[in-house]
1. Can you give the calculated 222 nm mean residue ellipticity of chain C, where each DSSP H run of n ≥ 4 adds -39,500 (n - 2.57) and the sum is split over every residue, rounded to the nearest 500 deg cm²/dmol?
2. Name the trypsin sites (Lys or Arg not before Pro) in segment C:109-144 that are in a loop by DSSP and that have at most 16 other C-beta atoms within 10 Å, would you?
3. At a Förster distance of 41 Å, what's the computed FRET efficiency of D:E64 paired with D:T171, Cβ-Cβ distance as r, to 0.05?
4. Taking every residue in C:102-112, how many Cβ atoms of other protein chains lie within 10 Å of its Cβ, on average?
5. Starting from the Kirkwood Rh over alpha-carbon pairs, what translational D in µm² s⁻¹ does chain B have by Stokes-Einstein at 4 °C and 1.567 mPa s?
6. Within a 10 angstrom radius of the beta carbon, how do D:E8, D:E180, D:E66 rank from fewest other beta carbons to most?
7. Of B:W215, C:W158, how do they rank once you tally other Cβ atoms within 10 Å and put the fewest first?
8. From the cross-link list D:K133/D:K170; D:K133/D:K153; B:K128/C:K181; B:K45/B:K347; B:K88/D:K111, which pairs have alpha carbons spaced over 22 Å apart?
Amino acid sequence: MSAKSPKSETPKSEPPKSETPDPEGPGIVWRRNLPVWVVLMALLALSTWAAYWPYGRIDTAIGFGIAGAKTALVALVFMQLKHASGLVRIVAACGLFWAAILFTLTLADVLSRMANR
Amino acid sequence: MSTTAGTTASPTGLADPDELDLRLPVSYLADGHSVRSWLLTTDHKRIAILYAITITVFFFIGGAAATLVRLELATPEADVLRADTYNKLFTLHGVVMVWFFLIPSIPNTLGNFLVPLMIGARDVAYPKLNLISWYLNLGGGLLAVAALLAGGVDTGWTFYVPYSTVFSNTWVSLTVLGVFTTGFSSIATGVNFIGTVHLLRAPGMTWFRLPLFVWAMYTTSLMFVLATPVLAVTLLLVFAERTFGLPIFDPARGGDPILFQHLFWFYSHPAVYIMVLPAMGVVSELITCFSRRKVFGYTFMVYALVAIAVIGFFTWGHHMFTSGMSPYAALVFSFLSFIVAVPSAIKVFNWTGTLYRGQVGFESPMLYALGFVGLFTLGGLTGLFLASIPVDVHVQDTYFVVAHFHYIMVGASVSAYFGGLHFWWPKITGRTYPETWARFAAILMFFGFNLTFFPQFIAGYLGMPRRYHVYPPEFQIWNVLSSAGAAVLAAAYLMPLGYLTWSLLFGERAGNNPWDASGLEWRTSSPPPRRNFFGSPRVQGGPYNYHPEGVAPVHDQPRLPSRGSLT
Amino acid sequence: MSRVEIEARLREPWSELETDPGTAFARQRDGATLGIWIFLASEVLFFGALFLTYTAARLAHPEAFAAAGRETNIVYGTLNTAILLTSSLTMAVASQAAETGLFRRLTLRCLAATAALGLAFLVVKGFEYREDIEKHLVPGAHFALDRGPAQIFFAFYWLVTVVHAIHLSIGIVLVVRLTVKGWRDPDILAENPQVEVTALYWHLVDLVWVFLYPMLYLPGRSG
Amino acid sequence: MVGRLMPESASLQAVLTDRIFIGLTIASALILALVVGLLLVFAIRFRRGSKADRHPLPEIVSREFEIGWTAATIFLFVFIFWWAASAEIGAYSVPPNAIEIHVVAKQWMWKVQGSNGAREINELHVPVNAPVKLIMTSQDVIHSFFVPAFRLKRDVLPDQQTEAWFQATKTGTFHLLCTEYCGTDHARMLGRVIVMEPEAYARWLSAQPEGDDLAHQGERLFSERGCAGCHAPGSAVHAPSLAGIWERPVPLEGGRFATADAAYLRDSILQPGRDVVAGYAPVMPSYAGLLDDGEIQAITAYIRALGSEPGVVRALGTPDLRSNVPGGVRERSPAMVPGAPVLDQPGPGVRP
């Protein structure tokens, strides 16, 4: 390790923060995440209610659409993908894209086999 | 050569030990001799050695099974083995060779050792994860060997349902658990390499200055991370159905065996690219070094590697043309299988182009590399036969397919592994090996290989099915030729074990750069110190700055005195 | 931060980067984030393959899956989804608080809440399993429903919920470990990449359940 | 000493496949010769120390080479794909007057039954130059019906039907092999396909033991197994009449329609509650486990033999059956037909 001056300086990469906590206190973190949680709960209620609609196949589509919306919300806000580095976003997108390859080509076979009954 | 902040000013980017009379740091081999220091190491170089030991052991287990299989097939009748023993042997050969030798062979040994060295890093990004990867591989291997000793498994390495779940009463669950565990070792290596290449490249080492070997490791890691989880799930479903009776693929209760095949081949086709891409990386290094030239069309070679890794995920259906899959899906898969062959063709032309106007030497690594290009071309071209549906319908599950994938896996991938092993042997062990023995072994391996597997193409098109221990007599001539070739090949594989071990003990010490190669790994001592480099390397130029006029490569890094002798 | 602390907090490859500790910490955090995200991509494929088996089987036997879907207890399912979504909230707050390095008590409290909610999920799941076993919903000889393919639904139900529960238990262990370490050593959690890594893993386990909910509890409800 | 290099070409498909195989072999041989030739020439001409001219290639030339051989490779491969795909699509649909053969694969033997009743084990007699359609299913694991001489291979799946067809062009005896690993005696699951002149085939057919044909067998099973109790025209039970429903739409509960084809009949036999005909109570018991696939195929053939004209009342016992191929086979691609004939004995228990 290179020789360093003994005085320990705060190694925070951003401008050195004052020791006293942010004047708004932890509120800032709650203000960012709580509304998302409320929306998630609403979506959950909606998906449960939608399951009982008598429209047959569309209910399933709605159920999974809402699940997709919840996933997007959790990923963007809770997992901070919104302002994550480009590389991390590409990795997340790759996960979905490869899962899509698996689904599309396999279901292409399964569905065309069923259609040929 | 700007000095790096923080290090004492040194004229060269890398501290020159003799000038600055720094004590030369101890090589990684001498950095602790206790068993604990080896078994709990987080040094990527030591983990590479640990992997080299395990895969060599498994290579000879799988090889022994192959010899017995070839022995049995010399005669049309079951003269040597009973049906059950034969079925267990070819399954063992498949499982051990695929998961415990070929897949870890280049990425986890040469890759682990060289990727940090080639990009100028001290170690991989997650060293502890690297050690966990080896223990997972070892654990999986022990489970598989336990299943073998307990009585073996007779389902074939593909574990097709419903035979593997309902009808086979052999040790399927234990083997499946073993392969499941080894799968996570591959995922761990994949995560490690992607992290390392993204985050730990030396200053100046941009993406398009990376050696092609590092690109090959990166694209292989992409497949490790994205394909292996699907294998884990497939084997988990087989295990759950056998152990808890959960009817997932059970046809009697409405399950669909073809769904298993989709899941299995979604992993297993990228797996064959996992086995061949690292070999391509090694060959790119060998051919450039021994023809003293920059690689022909570096960017095309990089895009070809990435294209193979990505399109490789779209083509698995060509394993299922006769399986009852819908013919429309079969057409889609057939088209995509033709497209995936294009990047491989480009790479072959570029390797050949690299030789043009070079200074071609014929040391043993180069013989392996030239053998690779020839055999890979034939193996790849027969892949086109299998991609066209009418021909594939005839040759599916016959010895034509067996010959095709052995040409790629053994002809190409194992030759490249041996080529890489010989090329980097001085760097890894600090010793040189006997060159004449090595050349003889390489040539013997090439001819032994062709004698073993070319007759199988003919037997295959004649209609001899695979996994048969008794066969109609008209196929015997081809099987006798193949069994004879197998004997020659076995001899050729035993030779390196001999003279490389000899070189470990008695080989004379190797210099830092015996081949005058241009990679960063040749800029440090052989064997390299625990921290890989004396200073922190800075990179100025592209990867292969060789010059055909026989001039030694331009050194963007200062030459370092090899241990003990000032060269 | 004293030299000793830097030595302790900077791991192997990042401690030898010969840059000032500030950038070394930043690069170590990037390494942790990138590493966990690559692992999450592989987990997406892992659960994606499981969901594919469900999708293919459901397409082949729609009515059997609808009949089987009606048998699952939607109250427990919805409650569990709510629990996990809330645990994702508390985990996110804990992670973002730890990132700023200022709100130590908030981080600790949220981590504890996350672990508690995780345990609550497992408890509710236990009750649900007990009820399923009583209703003979375990595929095998005396399976409740007469339809063959309904057994596939419940085979998938048991397998994927157990695999998910295992992933969740690992998550709970990680969160408890962080809580204990944070409790003992006051500023260990400040800007510690381990909190973010555990949080991202936790969110993935929650997202798997978000998709499991419409698969296991919503089919066949529309009568 | 060296046997033949190419297998016998004894079917229409064989000629097509061999043509593509030869074309591919020639193309591959040329490319291999090009690559290996260049490798050797360059290696020898530019070997270390040789006095060949070596100043580097201009960048532009190497880029043109790259684009050149990339485009050439793509064009060649897509051409081969088109050639192979067109051959494949051409061979899709089964000729209408094909002879129907029902193949049931069982661990390590082939049970073959022609639609005209001839039952054989590990043997298949077919007339030359006549299209033959194979309707195959397996009773245990996946097998694969492979006749190298016909370049024909199709997996045989448990509880699912797969179809394939061939038209033999040469008389003689050809190997039948199982090519999907199916257990211990996978290598001994061999059979023979004997292609005969039409007269010899007719003589062989008439010499078959008086096993009545499939439709008659189906009719006998229809009464023996109690189907007639409800579905016969004069029965007291309120059950849908099966005369004249073959290949015609059947109204189901909930307003849906289903075509009464082999798959629908099999599902209704095994899972009666699945698609209940409109206006009838779901009282029919399930025959899962009581009828094996051979019997289900026989009953299906009988119902087909009852024809497709609605309202024609067929007295039991005297259905007018054409002796050769009953009913026109609907144009259908050899896709797999999912439907689930049940094992005749309950599936073996789970192994360790």
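We did not get these values from a lab; they are worked out from the coordinates using the rules stated. Worth saying up front: this structure is predicted, and the values here are computed from it rather than measured. Neighbour counts are summed over all protein chains in view; Cβ atoms, including those assigned to glycine, are modelled from backbone coordinates with ideal geometry.
1. On the way: 8 runs with 178 residues, N = 223.
Calculated at 222 nm, the ellipticity per residue is -28000 deg cm²/dmol.
2. Numbers: sites: C:R109, C:K125, C:R130, C:K135; in loops: C:K135.
Passing sites in segment C:109-144 are C:K135.
3. On the way: r = 57 Å, r/R0 = 1.39.
Efficiency, from the Cβ-Cβ distance: 0.10.
4. Working: counts 9, 6, 1, 1, 5, 2, 0, 1, 4, 0, 0.
What the average comes to for C:102-112 is 3.
5. Translational D for this selection: 53 µm²/s.
6. Details: D:E8 16, D:E180 28, D:E66 19.
Ascending number of Cβ neighbours within 10 Å: D:E8, D:E66, D:E180.
7. Details: B:W215 26, C:W158 18.
With the sparsest Cβ surroundings first, the list reads C:W158, B:W215.
8. On the way: D:K133/D:K170 17 Å; D:K133/D:K153 13 Å; B:K128/C:K181 20 Å; B:K45/B:K347 29 Å; B:K88/D:K111 28 Å.
From D:K133/D:K170; D:K133/D:K153; B:K128/C:K181; B:K45/B:K347; B:K88/D:K111, over 22 Å: B:K45/B:K347; B:K88/D:K111.
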